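Read the structure below first, then the notes.
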Amino acid sequence: MVNDLDGETELLCAAEPLARIELLGVSAWTVTRHAEARRLLVDPRLVKDLDAWSLWQSGEVTREWPLIGMIDAGRSMFTVDGEEHRRLRAKTSQALTPRRLEAIRPDIEKYTRELLDVLAEQGRDGVVDLKSVFAQPLPMRVVGQLMGVDEAQHPMLMKQYKAFFSMLTPQDERLALIDELDVFYSELVREKAARPSDDLTSALILADEGGEPLTEEEVVGNLKAMVAAGHETTIGLILNAVRALLAHPDQLKKVLEGEVSWETVIEETLRWDTPTTHLLMRFATEDIQVGEQTIAKGEGVVISYRVIGRDTDQHGEDADAFDVTRPTPIRHMTFGHGPHICPGAALSRVEAGIALPALFGRFPDLELAIPDGEIRKLPVMTQNDMEAFPVLLHG
Ligand code: STR
C-alpha cells in the first residue's frame, strides 16, 4: 500500500461500497464510496473506542502493531464519541471558527513572508526543498502558536512526527517516541496550568462557567491531536496543490491570471490528492448492513478518503483528473463528516489560502527541479506526504 498509491486507489475504487483490506497483517473493512461513507460517518453503531474491536479484545492486535498509535492515542476528542465527545471538542471547535481565525490571519501572513524570505535566500543559487523550508515549518508555526508550543521545540516535534508516521521506524522506537511526546505534552500542560497564557491549551485547562473542566489526560490528548493533525495534514495540502499546478501549467496560468480562484485550487486539491489517504479506525458495536455486505460486530472500519475523492458517482466520470475548471461544484468529503468532522478545516483553508498565492506571487516561474514521477513519497500508510519537494525559484 505504501509504494503504489495510484494502483492502490484504482484497486479500492473497483471494490464497492466496502472493500476488505489488510493493514500490515490486520484485516479491516474500508469504505470506498462517498455516499456510504457519508451515511456511516453519522451512524452511532460505529465508534472510535478501541475496546469495541474484537481483534484487540482477543489480543490478536497489540501495541506491537505498527499502526496502533493511529488509534490508541489517549483520551481526546479524536477517540471518544457521543455526549462526552461534545464536551471534549466544544472549546477547540469554538476557537477555530472562520470568525475567530480572522484574528490570527496577520500572524499567518507574517510567518509566510518570513519563510518565503528564507526560501529566497536558500534557493538563490539553485535547488531548494520547498517542503523542509516552507510547507512544513509554516503549519508547525501556526499550530504551535495556537496551542502555545515554544518555537524552540518545533524541530524536535517535526522530527518525532516524521518517525511516528514512518513505516520504517522499528516499533519499539515508535512506542518510545510516543512516550517521550506524552511526557513533553504533559509537562507543557502543567506549565500552562501554573501560568496560563493566551493560547488554546490554556483555554482547554480552564473550566467553563458551570461546566466540567477537562482532565489533564484529556487536555494532553486534545493538544497532541491538534499538533499532530495541524502539522501533518496541512503540509500535504500545500505541497499537493503546488505539485498539481506545476503538473498542469495551463491550469496554473488560469489561476495566476485570476480566472480561477485559489479557493477552487484548494478544494480541487483536497478532493483529488487528499492529505489523508486512510483514516483509522472505527469499530462496529453491532452488525451493520451496507448494501449486500455486512460489517460484523467488533470489526474495524477505515475511511479511505483518497478513494472517496475519486468517486465517479459523486464527482463525474473524469473524477480521476485534476481540473480546476470542472463545471460541477467540488463537493468533497476530505475533512470527514458527522460529529468528528475536522475541527481544523477552516484553519487549513486559511493557511493554504495565504501560503499558495504568496508563494506564486513571489515566484511565478517556480519549477520542479526533478521530473514529477521522481518525487519520493514518505513510507507512510495513512498520510499522503512527500520526502522532499525540490524546486527552482527563478525569482
Ligand atoms: C497521531 C498521534 C497522536 O498523538 C494523536 C493523534 C490524534 C489525531 C490524529 C493523529 C494522531 C494522526 C493524524 C490524524 C489526526 C486527526 C486528523 C489526522 C488522523 C493519531 C488526519 O490525518 C486526518
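A few remarks follow.
- Net charge, Leu392 excluded, C-beta distance under 12 Å - Lys, Arg +1, Asp, Glu -1: -3
- Of all accessible heavy-atom area on the stretch 314-395, the percent that carbon and sulfur account for (1.4 Å): 54
- Set of the stretch 217-251 residues, backbone N closer than 17 Å to the point 7 Å along the Cα-Cβ line of Leu206: 219
- Per residue, the chain reaches -14500 deg cm²/dmol at 222 nm when only DSSP H runs of four or more residues are counted, each adding -39500 (n - 2.57).
- Estimated Rh, the chain: Kirkwood, alpha-carbon pairs, angstrom: 21.8
- Segment Val118-Met167, extension gain: residue separation times 0.36 nm, minus the distance between their alpha carbons: 14.6 nm
- Heavy-atom accessible area per residue - the chain, 1.4 Å, Å²: 44
- Look at the alpha carbon pairs under 8 Å that are at least 6 residues apart: their mean separation over the length of the chain gives a relative contact order of 27 percent.
- The slack between Ala296 and Glu187, meaning 0.36 nm per residue of separation minus the straight C-alpha distance, is 35.1 nm.
- Ligands, DNA and RNA left out, the 1.4 Å accessible surface of the stretch 166-269 is 52% carbon and sulfur atoms.
- Extension gain (nm, one decimal) between Leu11 and Lys377, 0.36 nm per residue minus Cα-Cα: 129.8 nm
- Members of Lys91/Lys192; Lys110/Lys253; Lys110/Lys131; Lys131/Lys377 lying beyond 21 Å, as alpha-carbon distances in this model show: Lys110/Lys253
The values are calculated or read from the model by the stated rules, or taken from the named source; none is laboratory data. Every value quoted in this text rests on a predicted model; they were computed, and no experiment measured them. Glycine also receives a Cβ, built like all others from the backbone with ideal geometry; neighbour counts cover every protein chain displayed. For the accessible areas, the whole protein counts, side chains as well, though only heavy atoms, and no ligand, DNA or RNA atoms are used. Shrake-Rupley method; radii C 1.70, N 1.55, O 1.52, S 1.80 Å.
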